Amino acid sequence: MMPKLPFLKKHASTSLSTGSSTFNPVDRSEIFRASRRDFLKIGSLAAGGFVLGVNFQCSGPKGELITFAPNVFVSIGSDNIVTILAHRSEMGTGIRTSLPMIVADELGADWSKVKIMQAEGDEDKYGNQNTDGSFSVRMFYEPMKKAGATARHMLMQAAATEWGVAPSECDTEASHVVLKGSSKKIPFGDLVSQIQTMEIPKPESLVMKDFSSYKLVGTDVPIFDAKDIAMGKAKFGADVSLPNMLIAVVQRSPVVGAKVVSYKDENALAISGVKKVVKIDGPGLPAGLDQPLEGIAVLAENTWAAIKGSQALEIEWDLGPNQTYNSANQLQEMLKSTSSSGTVKRERGNFNQAKSSSGKIIEKTYLAPFYAHATVEPPAAIADVKADGSAEIWAPSQHPQWARGAVAGVLGVDVSKVRLNVTLLGGGFGRKSKPDYVVEAALLSKAAGVPVRVQWTRECDLHHDYYHSQSAQRIVATLDGAGNLTGWNHHTVFPAIGAGLDAAPPSDGELDLGCRDFPYDVPNIKIEAHETTAHTRVGWLRSVSNIHHAFAICTMLDEIAETRGIDPIDQALQLLGEDKDITFAGEMVGDYGNYGEKIEDFPWSTARMKKVIQTVAEKSNWKQNLSAGKAMGFAAHRSFLTYVACVVMVENDAAGNLIIPEVHYVVDCGIGVNTDRIRSQFEGGAQFATSLAMTSAITFENGKVQQNNFDTYKIIRMPQSPKKIHVHIVPSMEKPTGVGEPPVPPFIPALANAIYKLSGKRNYELPFKA
Amino acid sequence: MQNYTLSINGKSQDVTASEDMPLLWVLRDLLDMKGTKFGCGQALCGACTVHLDGEAVRSCSLPISQVGSGKITTIEGLSETGDHPLQKAWVDHVVPQCGYCQSGQIMNAAAFLAKNPSPSESQIESAMEGNLCRCGTYNRIKDAILTASKSL
Ligand code: FES
Ligand code: FES
């Protein structure tokens, strides 16, 4: 039995990666005139400004339509400044820049006169703000266009009246309405009073700009915060400071589920600057996804005193059932389980028959470890809980509504009493969608009666993460006498997100991340899931179970190609077969999640996949004769509806160290909004994946994480980083899809395949041993 | 608790702190200078890098008692208006993703370039090895340092 995750049900979108089909793309949007007061609640507005609101309607968990109050505001001031309220957390993907770009482009605004503001976490106002799962641009592309188009039409109407011409003779450019074929123009700001009283045009009457006339979308636009960041001025979570604020550092249960038996705090309180010691009651087991672990917090006037105080605590723990947990042993048991039959999750043809009549059987197993997110900014949050129970929060949160709801829950107040301000995120990768650290701040502020910043140390972060699960997989492939691939049997097992001590298989949603959606034309396919238990908190990490699934599948395919004596790229194109949209109809047990989108809207297109593969072969000059000591590996994978092919080159340097001189990515993510940020996500994705492949692993002994800091949980550094990363974006008019997560999955097997070609040694386990 | 007079970004600042308090927390908590970041506390990530008499140091591991009369420069003091060649190159190359590691990267690079104004790529790599970036902006950091080195 899986533990109940009530909050996940309420806040449907969090289940993106947990798998149920309950997350919520925007189905419809509505543009309306917002009141100045609405806008002023959020930010300042030039006098006489005109404000548009955008309402989103999303599908709820049962397919019902949920309408949110204004999600986005666009205001045009009489000072000719266009202000756009961005409603996504910024964690490095540039989304805070990309969404406003779409509005500004459709509107015809001068980008240098556009101001961007960040919304606070308020689901009723802004809809869901979860910045997981690469779906921001995908969800909001159309509504953003519509908002821009609406304002543009009104401005053109006003100018047309002024000039006594038809609106169709007008256009917008650089924050002016211009009369086509003349030099006449009026700044937007001068038309504000005219459009104040104008009716909002009907959506059917809007003529959207032609893509070719876009000046921002599809180009490189520098991110909004670059200069502030370079000057050290950007405000991250821990950078907020309030009068009388205390800083809290917490010693948390060293083993998930541990409870405090007793503690001594004399030594902690004796440290100069330490003010208070507060116990945080944890839920024990199951640990849940939105609650703090049990712990003892030391509250002090400064962070250093709090750190020293927390080290001076003497705590006696009842460690509970996880104290004997050893991750290496579990991994071996998981691996063993894959040799028996599991729960069948997809079936095509008859694999067993194919196996018994096959000419050759290739059977391989794959292991991958737990990973921590290790954002360079460790979790931190500030809470100011007032005597009346209301609270104001500042947090680097990927999911402000979840955090807000969880805080309201523990404070026992209505969510309307909790105001949540989202700061910049010093990296998220899925970690900061969980609100545990925000809840800690709220509980501690309430207990202390003053504002509190809870500050996680790096040790706290590595010991108490929601880890990417360790996994074991077995793939059995069968070839007939002619060398054709006739059967594919994939067994997978890993502790599921939200699982606990009761054995459970991965959820369908997790299997839909790169395992069940195996796209190749193999006549007999059987996908089996196996059960295991979770002895730590499991969460989602950049591309989630695509990480280990793509590793196993794409290295296995390389091995099959080798056995067949065929080039792996030729094989991939051959196995994708003719151009078609795969629906998996009749094969999946249960529904296929397709990242929350209907398969008709976002089909699994073999044509798009073949295109990125052909392009990567070309761009990497795949068939070239490499000089001795160099090798290339290939992999391709679709995740988050984006198609990616990757070629990695490797060589050994003079000292015998492995170097990655070159990487080629080809990506089809539909319309590329900010091409510079697409490239930067792929550059970063390659670096991120290199760490997963080569250096990082979390292990548990006696229930405790063995890694403490960056000396033992290793992230690649500049000398090990891939040197040249070429990102080729396939021109596409398809709906935009995510780019944050898709770079990670294909990189790891492409690297593994390259290393094999160089050294003759296959890696079946992450991180690679050599 | 002890009284200290520090020289930070050309200004003299009086603080009272316990002698083992790392400079990082003196800056962030006592002086409210938030540009210098905390990442590991163990001199392993470089997020807290500042200059002490022109040398890049990890402020998380430098107790205030060891600062003495040394001149400290933080990201806030690198330039008045963000026009240090590295800051300009950082914006031109749109280096930051989340941005959190970047104060430390820039400070480390600034101390390095001051000593080695025209470095090779591999010299840059070794010099920057102590600065982690989880978002993976290494390629652009390298390019930005090369660009800045040309404009020095
Ligand atoms: S915080 Fe000082 S090196 Fe990491
Ligand atoms: S930009 Fe995010 S850690 Fe470097």
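The values are calculated or read from the model by the stated rules, or taken from the named source; none is laboratory data. Quantities reported herein were computed from a predicted structural model and do not represent experimental measurements. Neighbour counts run over all protein chains shown; Cβ positions are idealised from the backbone, glycine included.
Taking B:LYS71 as the residue in question, decide whether it is over 25 Å from A:ILE715 (Cα atoms), surrounded by fewer than 18 Cβ atoms within 10 Å (Cβ to Cβ) and of a type in the set (Lys, Arg). Lay out the reasoning, then the answer.
On the way: over 25 Å from A:ILE715 (Cα atoms): yes; surrounded by fewer than 18 Cβ atoms within 10 Å (Cβ to Cβ): yes; of a type in the set (Lys, Arg): yes.
So B:LYS71 fits the description; yes.
Restricting attention to the range B:79-113, which residues are at the interface with chain A (Cβ under 7 Å from one of its Cβ atoms), over 8 Å from the mean Cα position of the chain (by Cα) and within 16 Å of ligand 1 (Cβ to nearest atom)?
Matches in the range B:79-113: B:CYS98, B:GLY99, B:TYR100, B:CYS101, B:GLN102.
Could you list all residues from the range A:280-314 that are of a type in the set (A, V, I, L, M) and within 14 Å of another protein chain (Cβ to nearest Cβ)? Full working, then the answer.
At the first step, the residues of the range A:280-314 found to be of a type in the set (A, V, I, L, M) are A:280, A:285, A:287, A:289, A:293, A:296-300, A:305-307, A:312-313.
Within the range A:280-314, A:LEU299, A:ALA300, A:ALA305, A:ALA306, A:ILE307, A:ALA312 qualify.
When residues of the range B:8-57 are filtered for being surrounded by fewer than 24 Cβ atoms within 10 Å (Cβ to Cβ) and more than 16 Å from ligand 1 (Cβ to nearest atom), how many remain?
So the count comes out to 16.
Just the residues that are closer than 19 Å to A:GLN707 by Cβ and away from ligand 2 (no atom under 16 Å from the Cβ), please, taken from the range B:42-55.
Hits for the range B:42-55 are B:GLN42, B:ALA43.
Residues that are within 25 Å of A:LYS714 (Cα to Cα): list the helices (runs of 4 or more DSSP H) wholly contained in the range A:272-385 that include at least 2 such residues. Let's see the steps before the verdict.
Details: elements: A:303-312, A:327-337, A:351-356.
The helices (runs of 4 or more DSSP H) meeting that bar are A:303-312, A:327-337.
Within the range A:398-411, count every residue that is surrounded by fewer than 24 Cβ atoms within 10 Å (Cβ to Cβ) and either within 21 Å of A:ALA297 (Cα to Cα) or within 14 Å of another protein chain (Cβ to nearest Cβ) (or both).
Matching residues across the range A:398-411 total 4.
Out of the range A:374-397, which residues are within 14 Å of chain B (Cβ to nearest Cβ) and either free of Cβ contacts under 8 Å to residues at least 12 places away in the same chain or more than 16 Å from ligand 1 (Cβ to nearest atom) (or both)?
In the first step, residues of the range A:374-397 are kept if they are within 14 Å of chain B (Cβ to nearest Cβ); the result is A:374-380, A:382, A:394, A:396-397.
Listed by number, the residues that qualify are A:ILE382, A:TRP394, A:PRO396, A:SER397.
Any residue in the range A:322-335 that is over 30 Å from A:SER471 (Cα atoms), crowded, with 17+ Cβ neighbours inside 10 Å and of a type outside the set (D, E, K, R)?
Step one: filter the range A:322-335 for residues over 30 Å from A:SER471 (Cα atoms), giving none.
Looking through the range A:322-335, none of the residues is over 30 Å from A:SER471 (Cα atoms), crowded, with 17+ Cβ neighbours inside 10 Å and of a type outside the set (D, E, K, R).
Please go through the range A:564-593 and pick out each residue that is farther than 22 Å from A:GLY349 by Cβ and modelled with pLDDT under 95.
Listed by number, the list holds a single entry, A:GLY593.
Scan (1) under 19 Å from B:ILE8 (Cα atoms); (2) part of a loop (DSSP other than H, G, I, E, B); (3) within 16 Å of ligand 1 (Cβ to nearest atom) for the single condition B:GLY68 breaks and write down its number.
Checking B:GLY68 against (1) under 19 Å from B:ILE8 (Cα atoms); (2) part of a loop (DSSP other than H, G, I, E, B); (3) within 16 Å of ligand 1 (Cβ to nearest atom), the one that fails is (3).
Can you tell me which residue in the range B:103-152 is farthest from B:GLU76 (Cα to Cα), limited to those that are touching a Pro at 6+ places or on another chain (Cβ under 7 Å) and of a type in the set (S, T, N, Q)?
Only one residue fits best here, namely B:SER126.
Just give me the residues in the range B:23-35 being in contact with a helix residue (DSSP H, G or I) (Cβ under 6 Å, 6 or more places away or on another chain) and at the interface with another protein chain (Cβ under 7 Å from one of its Cβ atoms), in sequence order. Working first, answer last.
Keep residues of the range B:23-35 that are in contact with a helix residue (DSSP H, G or I) (Cβ under 6 Å, 6 or more places away or on another chain), which gives B:23-26, B:29, B:33-35.
Those that are in contact with a helix residue (DSSP H, G or I) (Cβ under 6 Å, 6 or more places away or on another chain) and at the interface with another protein chain (Cβ under 7 Å from one of its Cβ atoms): B:TRP25, B:ASP29, B:LYS34, B:GLY35.
Taking B:ASP53, is it of a type in the set (Asp, Glu) and within 24 Å of A:GLY685 (Cα to Cα)? Working first, answer last.
Numbers: of a type in the set (Asp, Glu): yes; within 24 Å of A:GLY685 (Cα to Cα): no.
In short, no.
What about A:SER433, is it crowded, with 24+ Cβ neighbours inside 10 Å, under 28 Å from the mean Cα position of the chain (by Cα), among the hydroxyl-bearing types (Ser, Thr, Tyr) and modelled with pLDDT under 95? Can you show your working first?
Working: crowded, with 24+ Cβ neighbours inside 10 Å: yes; under 28 Å from the mean Cα position of the chain (by Cα): yes; among the hydroxyl-bearing types (Ser, Thr, Tyr): yes; modelled with pLDDT under 95: yes.
When the stated conditions are applied, A:SER433 passes them.
Please state which of the following conditions B:CYS60 fails to meet, knowing it meets all the rest: (1) within 16 Å of ligand 1 (Cβ to nearest atom); (2) farther than 30 Å from B:MET1 by Cβ.
B:CYS60 satisfies every listed condition except (2).
Out of A:SER182, A:SER241, report the one residue that is closer than 30 Å to B:SER103 by Cα, of a type in the set (Ser, Thr, Tyr) and in a loop (DSSP other than H, G, I, E, B). Walk me through it before giving the result.
On the way: A:SER182 fails: closer than 30 Å to B:SER103 by Cα.
Step by step, each of A:SER182, A:SER241 is checked, and only A:SER241 is closer than 30 Å to B:SER103 by Cα, of a type in the set (Ser, Thr, Tyr) and in a loop (DSSP other than H, G, I, E, B).
Which numbered condition in (1) in contact (Cβ under 8 Å) with a residue 40 or more places away in the chain; (2) at positive phi is the only one that A:GLY273 fails?
(1)
Inspect the range A:417-426 for any residue being over 21 Å from A:ASP281 (Cα atoms), touching a Cys at 6+ places or on another chain (Cβ under 9 Å), away from ligand 1 (no atom under 16 Å from the Cβ) and assigned by TED's automatic domain parsing to the domain that holds A:SER241 and give the result as yes or no.
yes
Which pairs have Cβ atoms under 6 Å, sit 6 or more apart or on different chains, and link a residue in the range A:242-261 that is in the same structural domain as A:LYS308 (by TED's automatic domain parsing) to one that is small (Gly, Ala, Ser) and in a strand (DSSP E or B)?
A:ILE247/A:ALA300; A:ALA248/A:ALA297; A:VAL250/A:GLY295; A:VAL250/A:ALA297; A:GLN251/A:GLY295; A:ARG252/A:GLY295
Suppose we filter A:ALA381, A:ALA395, A:ALA408, A:ALA372 for residues that are at negative phi, within 16 Å of ligand 2 (Cβ to nearest atom) and of a type in the set (A, V, I, L, M); which single one remains? If you could, list the steps in order and put the result at the bottom.
Values: A:ALA381 fails: within 16 Å of ligand 2 (Cβ to nearest atom); A:ALA395 fails: within 16 Å of ligand 2 (Cβ to nearest atom); A:ALA408 fails: within 16 Å of ligand 2 (Cβ to nearest atom).
None of the other options fit; the residue is A:ALA372.
Go through (1) within 14 Å of chain B (Cβ to nearest Cβ); (2) crowded, with 24+ Cβ neighbours inside 10 Å; (3) of a type outside the set (Val, Ile, Thr) for A:TYR467 and report which single condition fails.
Of everything listed in (1) within 14 Å of chain B (Cβ to nearest Cβ); (2) crowded, with 24+ Cβ neighbours inside 10 Å; (3) of a type outside the set (Val, Ile, Thr), A:TYR467 misses just condition (1).
Quick grid of which residues meet (1) in contact with a Phe, Trp or Tyr (Cβ under 8 Å, 6 or more places away or on another chain); (2) within 13 Å of ligand 2 (Cβ to nearest atom):
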| position | (1), (2) |
| --- | --- |
| B:LEU62 | no, no |
| B:VAL67 | yes, no |
| B:ILE72 | no, no |
| B:ILE75 | no, no |
| B:LEU78 | no, no |
| B:LEU86 | no, no |
| B:CYS98 | no, yes |
| B:ASN108 | no, yes |
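Is at least one residue of the range B:48-65 away from every other protein chain (no Cβ under 11 Å), more than 15 Å from the chain's Cα centre (by Cα) and either part of a strand (DSSP E or B) or modelled with pLDDT of 95 or more (or both)?
Yes, the range B:48-65 contains at least one residue that is away from every other protein chain (no Cβ under 11 Å), more than 15 Å from the chain's Cα centre (by Cα) and either part of a strand (DSSP E or B) or modelled with pLDDT of 95 or more (or both).
Being surrounded by fewer than 20 Cβ atoms within 10 Å (Cβ to Cβ) and not polar (S, T, N, Q) is true for just one of A:LYS355, A:LYS345. Which residue is that?
Working: A:LYS345 fails: surrounded by fewer than 20 Cβ atoms within 10 Å (Cβ to Cβ).
The conditions single out A:LYS355.
Filter the range B:124-152 down to the residues that are among the polar types (S, T, N, Q) and within 11 Å of chain A (Cβ to nearest Cβ), then identify the one that is nearest to ligand 1 (Cβ to nearest atom).
Kept after step one, since they are among the polar types (S, T, N, Q), are these residues of the range B:124-152: B:126, B:131, B:137, B:139, B:147, B:149, B:151.
Then keep just the ones that are within 11 Å of chain A (Cβ to nearest Cβ); that gives B:126, B:131, B:137, B:139.
Details: B:SER126: 17, B:ASN131: 8, B:THR137: 17, B:ASN139: 22 Å.
My answer is B:ASN131.
Can you name the number of the only condition in (1) away from ligand 2 (no atom under 16 Å from the Cβ); (2) within 21 Å of B:LEU30 (Cβ to Cβ) that B:LEU113 fails?
Only one criterion in (1) away from ligand 2 (no atom under 16 Å from the Cβ); (2) within 21 Å of B:LEU30 (Cβ to Cβ) is unmet by B:LEU113, namely (2).
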